[in-house]
Amino acid sequence: MSERRKNDNRSKTGSFLIILAGCFWGSMGIFVRTLGAYGFSSIQIVSIRVTLAALIFSLVLLVKDRNGFKLRLKDIPLFLGLGFGSILFFTVCYFTAITMMPLSTAAILLYTSPVWIMLMSVIFFHEKLTGRKLAALALAFAGCVLVSGISGEGMTMTGLLVGLGSGIGYGLYSILGTVALRRYSPYTVTTYTFIFAAVGSWIICRPADMIFTFSCAPDPGFLTGLCILTALITAVIPFLAYTLGLQSVEASKAGIIATIEPMVATLIGIVVFSEPLTIMSGAGILLILSAVVILNTSN
């Protein structure tokens, strides 16, 4: 009984960490809009975010466990998958989808990720596909649709595939991260994930233009602090929290809990940017919260 109680406590802690990650991810709009006002493109903002996150994670790992920098050669493809195949791929797909269709449609396609996580978890980890998970998945996805807004305008087959790619790439972090955590600490996993993502981002972000934009900023000190804060709030803290959460929460369950992100983004839009709360958004928030509650109540 005591062992079961310990497992329940670990699971609750893991769920809390994933909820925390979703809340921090939900604040991304504030930083993206602020950095965008300086003239940085979406891909350049991604590069700033993942590069500084890689540096911060490296410093944390250096202090916490220097041996954590050791990787086995055979595991490099795993971290390439995490950095390129997940973090960088889903971000590029998502921002590309935004340019091809309404933001609400792109957001809905991104949040197909719990579906892909659940399917991959059943195939690769043999997780049980329970009625509770399916009910929570249906509620969470319906909530994301309502929060993002129902729209299918301007949809093309290419746009659909790119949008679905963002959801698959997003979900891939939970799958590959679970595998990596069997061999390495969360600090090693997040550090190398972002190192590889940062290297890839510099290939596609037009670094000369990004450096020129930074040099033309009227307040470089403030901008530097903003960039560091962006990395901490939208990458370092949430990805570390999510990765720690994956140690005690099934990947499929974690993916559904993380759908709290669009709900938080909507609430921030209302409070910070004075965006209206529609009946659909309110209903969507309730559905997402219901999904999280269902997954975290005892059987």
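The values are calculated or read from the model by the stated rules, or taken from the named source; none is laboratory data. All values derive from a computational prediction rather than experimental measurement. Here Cβ is always computed from backbone atoms with ideal geometry, including for glycine, and neighbour counts include all displayed protein chains.
Consider region 238-264 and keep the residues that are hydroxyl-bearing (Ser, Thr, Tyr) and more than 17 Å from Ile288 (Cα to Cα). The one that is farthest from the chain's Cα centre (by Cα) is Ser248.
Kindly indicate the residue of region 81-129 that is out of contact with any Leu (no Cβ under 7 Å at 6 or more places or on another chain) and of a type in the set (S, T, N, Q) and also farthest from Ile18 (Cα to Cα) among those meeting that condition. Once the filter is applied, the top-ranked residue is Thr99. If you check Ala54, Ala107 for being out of contact with any His (no Cβ under 8 Å at 6 or more places or on another chain), among the small types (Gly, Ala, Ser) and under 17 Å from Ala265 (Cβ atoms), only one passes: Ala107. Taken as a whole, region 213-222 holds no residue that is touching a residue at least 24 places away in the same chain (Cβ under 8 Å), closer than 28 Å to Val264 by Cα and assigned to a helix (DSSP H, G or I). With the requirement that a residue be in a loop (DSSP other than H, G, I, E, B) and touching a helix residue (DSSP H, G or I) at 6+ places or on another chain (Cβ under 7 Å), what does region 265-289 give you? Those that are in a loop (DSSP other than H, G, I, E, B) and touching a helix residue (DSSP H, G or I) at 6+ places or on another chain (Cβ under 7 Å): Glu275, Leu277.
Could you look through region 290-299, keep only residues that are of a type outside the set (Ser, Thr, Tyr) and part of a helix (DSSP H, G or I), and pick out the one that is surrounded by the fewest Cβ atoms within 10 Å (Cβ to Cβ)? Ranking the qualifying residues of region 290-299, first place goes to Val293. Across region 101-110, not a single residue is classified as closer than 15 Å to Ile257 by Cβ and either at pLDDT 90 or above or of a type in the set (Val, Ile, Thr) (or both). Taking every residue in region 72-90 that is more than 17 Å from Ile203 (Cα to Cα) and pairing it with any residue that is hydroxyl-bearing (Ser, Thr, Tyr) and assigned to a loop (DSSP other than H, G, I, E, B), at least 6 positions away or on another chain, the pairs with Cβ-Cβ distances below 8 Å are Asp75/Tyr184.
Evaluated against (1) surrounded by fewer than 19 Cβ atoms within 10 Å (Cβ to Cβ); (2) in a helix (DSSP H, G or I); (3) modelled with pLDDT of 90 or more; (4) not aliphatic (A, V, I, L, M), Gly39 falls short on exactly one condition, (2). The residues listed here are Val92, Val50, Val32; of these, the one that is crowded, with 16+ Cβ neighbours inside 10 Å, modelled with pLDDT under 90 and closer than 17 Å to Phe196 by Cα is Val92. Part of a loop (DSSP other than H, G, I, E, B), surrounded by 15 or more Cβ atoms within 10 Å (Cβ to Cβ) and at pLDDT below 90 - does that describe any residue in region 112-132? Scanning region 112-132 turns up at least one residue that is part of a loop (DSSP other than H, G, I, E, B), surrounded by 15 or more Cβ atoms within 10 Å (Cβ to Cβ) and at pLDDT below 90.
Per-residue answers, yes or no, for (1) modelled with pLDDT of 95 or more; (2) more than 21 Å from Ala241 (Cβ to Cβ); (3) surrounded by fewer than 15 Cβ atoms within 10 Å (Cβ to Cβ):
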residue	(1), (2), (3)
Leu164	no, yes, no
Tyr170	no, no, no
Thr188	yes, no, no
Phe194	yes, no, no
Ala197	yes, no, no
Ile204	no, yes, yes
Ala208	no, yes, yes
Pro218	no, yes, yes
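Residue count for region 18-41 satisfying the condition of being farther than 15 Å from Ala235 by Cβ and either of a type outside the set (Phe, Trp, Tyr) or touching a strand residue (DSSP E or B) at 6+ places or on another chain (Cβ under 6 Å) (or both): 8. Please determine whether any residue of region 43-52 is without any contact (Cβ under 8 Å) to a residue 24 or more places away in the chain, part of a helix (DSSP H, G or I) and not charged (D, E, K, R). For region 43-52, residues without any contact (Cβ under 8 Å) to a residue 24 or more places away in the chain, part of a helix (DSSP H, G or I) and not charged (D, E, K, R): absent. Scanning region 249-286 for residues that are buried (at least 21 other Cβ atoms within 10 Å of the Cβ) and either hydroxyl-bearing (Ser, Thr, Tyr) or over 14 Å from Trp25 (Cβ atoms) (or both) yields Val249, Glu250, Ala251, Ser252, Lys253, Ile256, Thr259, Thr266, Ser281, Gly284.
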